[in-house]
Structure formats: structure tokens, C-alpha cells
Amino acid sequence: MALTLRRATQEDAKPCGAICFEAFSAVAKVCRFPPEFASADQAVAVLAWMIGHQGFHGVVAERDGRIVGSNFLDLRGEIVGVGPLTVELSVQNRGIGRRLMEEVMRKAAQMEAPGVRLVQAAAQGRSLALYALLGFAVREPLACLNGPAPKASVPGHHVRPARIGDLAACNLVCERVHGFNRGGELRDAITFGSARLVEREGYVTGYTTGVAYSGHAVAMANSDMKALIGAADGFGQPGFLMPMRNDDLFRWCLEHGLKISHPLTLMAKGEYAEPDGAFLPSITY
């Protein structure tokens, strides 16, 4: 049957969430790493939130009137992020994922986004090949880390909850590190109560929307990032993402008892500048 693509609605959250949970669980089982979602209900809740948020563009794929996959584009910043992209297990490897990717890429082009990014599990060769064929380049090898929170303080660094009044200072840090800010995501995290920042010598030198799979962090120096990670109460499942080329920060995490569950890859299409500072990507980018 012909494939139909359309904008996602709240009624799609339950079937799309079930497909999302099953697809990620199947990959996790084969590759022997922790699943991204603890339950189908959690996946449904996440997709329902994204569908209801005007900062996301959701696309659903249907065959013969039945939903068989979905994809999302995070529009909350100048650089846009893709995911989660999932296809029902029974119809995978039939071009549906590619069609869903092409659809969100068209949306990014309409918005004239200077760059599009995503994170994929390195063990998934098919998705890596798909993204490469669509013009994405490998930019950063990542490791998913988890374990007991280090509860380690860094002298001279003060970590506290971020407030709306801190938005400009935090955005400035992100702009210095990446060349753009992620203020939309940070504003949401401040509203949720998950955002933290670090101050050094009276200045904001880093922040995180949450040291977690769905959160990102930026900092002027590794010491600032260590303070943010060290102040976290925990990391949730399956953990948080660490750029492995930052060997000082990576080694510090391992020395503090964190373990590697699986490797991932940060990929980008369009504008990309090498970060000038420390950063932790989210599962989107």
C-alpha cells in the first residue's frame, strides 16, 4: 500500500509511543544496552508532550490507514534536532524511515535552519548509513554513561538552580562554546525545575538542562562541567552522553565510578563549528 505522511496529532501519541517503545527496546535487546524508555507509557507521555509543544514538528507515517512510524524535529533553537525516528518492527527496512527523515528535512529547509543535528546509536549500521546518505556527517563519538552520582564538588565552583533571570547569561555561555544558543530548551528546563548553572569568580560559566539523556550542558571549562556533573542527584535511565574526545572529562567520570553502557554518534548537516569549551549533548544533539 502507498505510504501517507501527515502532521502528528494528540490522538497519535498512544500508537506512536507504542511503536517507539518497541523499536528502541528491540535494538537495546539485540545490542545489549539499556532501553531508552522504561515502559510504553513513558514513551507515550514523551511523544504526547512533544506533539503538544509548539516547539516541535511531528510527522506520522500511515499505510492502509494504520500508523507505522513517526519522526520529530525540535524547533526550539536556531539549530534544529531530529528524533526520535521510529518505525514499526514488522515494516522496517522498507524505506519508511527514509521518507520520514526526508519529510522533517523539508521542514528544516522551509525554516531555513542553518544546521540540522541528531544522535544515533553507533551499533545501528543501517541508521548510520541512512543519515550519511542524507548528507549528515559524523562529528563526535559519544559514550552513554551511568552509575551512582559522584557527589563531587569542585573548589571555587558554585552550582545552583537556574532561574529565568539567568537565561541571558547562560545563553552567552552556549554562544561562546557552540556559536549559537539553546535558549528554548533552557527555558523549558527552568520551567520544569531541572536546570542548574555553575558560577566561578562571580560569573556564570556553565549550565545544564539536566545531566540526563534528554538534557544538554555547556561550560567554559572542564572544571565547570565537572562541578555540574558532580552536583547531580542522579542521571536516570539510560544515563547521559559524554563526548569521548574530551579525554580529561571522560576519564574523570570513569574515575568517579561511572560506567559505559553503549557508544553513540553525534551527526550534523549544515553549519557546524568545533565547540570551544566543554559540552554534553542531549539525545537530540
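Coordinate-derived values only; no laboratory data. In this text, all values refer to a predicted model and were calculated from it rather than measured experimentally. Positions of Cβ are generated from backbone atoms using ideal geometry, with glycine treated the same way; all protein chains shown enter the neighbour counts.
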Select from the chain the helices, each a whole stretch of DSSP H, whose alpha-carbon atoms run 24 Å or more along the helix axis and whose Kyte-Doolittle mean is at least -0.5; answer none if there are none.
13-31
Provide the descending list of Cα extents for the chain along its principal axes, expressed in whole angstroms.
63, 38, 32
Viscosity 1.002 mPa s, temperature 20 °C, Stokes-Einstein D of region 1-135 from Kirkwood C-alpha radius, µm²/s:
143 µm²/s
At the level of C-alpha centres, the distance separating region 80-143 and region 1-69, in angstrom, is 15 Å
20 Å Cα-Cα reach of residue 226 towards lysines, excluding residues that sit fewer than 8 places from it in its own chain:
151, 259
Distance-filtered residues of region 180-209 - backbone nitrogen under 13 Å, label point 7 angstrom along residue 54 Cα→Cβ:
none
Going Cα to Cα from residue 269, which lysines come in below 25 Å? Please leave out same-chain ones fewer than 8 positions away.
107
Between residue 168 and residue 63, what length comes free when the chain is fully extended (0.36 nm per residue of separation minus the Cα-Cα distance, one decimal in nm)?
33.2 nm
Note, residue 134: beta-carbon cut-off 13 Å, +1 each Lys/Arg, -1 each Asp/Glu, net +4
Given the DSSP H assignment, sum -39500 (n - 2.57) over each helix run of at least 4 residues in the chain and divide by its residue total; what's the result at 222 nm in deg cm²/dmol, nearest 500?
-10500 deg cm²/dmol
Let me have the relative contact order for region 146-280, percent, based on Cα pairs under 8 Å that are six or more residues apart.
32 percent
Can you give the charge dipole size of the chain about its Cα centre, rounded to the nearest 20 debye, using +1 on the beta carbon of Lys and Arg and -1 on the beta carbon of Asp and Glu?
460 debye
To make sure I understand the rule: partners must be lysines, Cα under 23 Å from the Cα of residue 14, and not fewer than 8 residues away in the same chain. Which ones qualify?
29
